[in-house]
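Q: Can you keep this structure in mind? I'll have questions shortly.
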């Protein structure tokens with residue numbers, strides 16, 4: 001009886017060690033990267049939301065007034081220490097393309113509001129919405145509104 005009890009203890013210990021090893025070996029490392037992106041994205045969104053109501057100003061890059069790309073440039077610089085180019089067209093050249101169904105907080109969403117080229121950028125806040133400096137000031141907009149839906153050009157992830 002004493003022998004079978006020892007085998008059982010060793011069996012349990014070895015099984016526990018093997019189970020732990022497999023759990024660590026096969027745990028997705030991308031979750032850590034995703035969590036970092038999500039955390040940075042939340043900071044960007046929170047900072048962007050703190051600027052709601054600021055006025056639109058053509059060429060504006062400060063809290064006294066923003067245009068679309070000036071807003072995203074300002075928010076990313078001050079919340080995530082990420083430097084973006086000045087224009088939405090140049091911002092569209094940065095980062096990694098993201099499908100609309102894979103958007104995360106802090107991703108940049110781009111629109112063609114003035115023709116065939118990207119001319120507007122906002123920051124995805126979640127639940128199909130983005131925040132951006134529109135002609136009526138900084139506000140949250142629904143991506144499903146016909147105006148935005150018809151002009152959607154793509155999205156980019158610039159946060160690591």
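Q: Would you please list the contacts, defined by Cβ atoms under 9 Å and residues six or more apart or on different chains, that run from a residue in region 28-55 that is over 9 Å from residue 105 (Cα atoms) to a residue that is in a helix (DSSP H, G or I) and at pLDDT below 60?
A: Within 9 Å, the pairs are 28/34.
Q: For region 66-160, give me every one of the helices (runs of 4 or more DSSP H) that falls completely inside it and has 3 or more residues that are out of contact with any helix residue (DSSP H, G or I) (no Cβ under 8 Å at 6 or more places or on another chain). Spell out the reasoning first.
A: On the way: elements: 68-80, 88-91, 146-151.
Because the criterion is at least 3 residues that are out of contact with any helix residue (DSSP H, G or I) (no Cβ under 8 Å at 6 or more places or on another chain), the helices (runs of 4 or more DSSP H) in region 66-160 that meet it are 68-80, 146-151.
Q: Can you tell me which residues in region 96-121 are in contact (Cβ under 8 Å) with a residue 60 or more places away in the chain and buried (at least 17 other Cβ atoms within 10 Å of the Cβ)?
A: 104, 105, 106, 107
Q: For residue 89, which of the numbered conditions (1) over 21 Å from residue 43 (Cβ atoms); (2) surrounded by 14 or more Cβ atoms within 10 Å (Cβ to Cβ); (3) in contact with a strand residue (DSSP E or B) (Cβ under 7 Å, 6 or more places away or on another chain) fails to hold?
A: The number of the failed condition is (3).
The values are calculated or read from the model by the stated rules, or taken from the named source; none is laboratory data. This structure is a prediction, so every number in the text was calculated from the model and none was measured. Quick reminder, even Gly has a Cβ in these numbers, built from the backbone with ideal geometry, and neighbours come from all protein chains shown.
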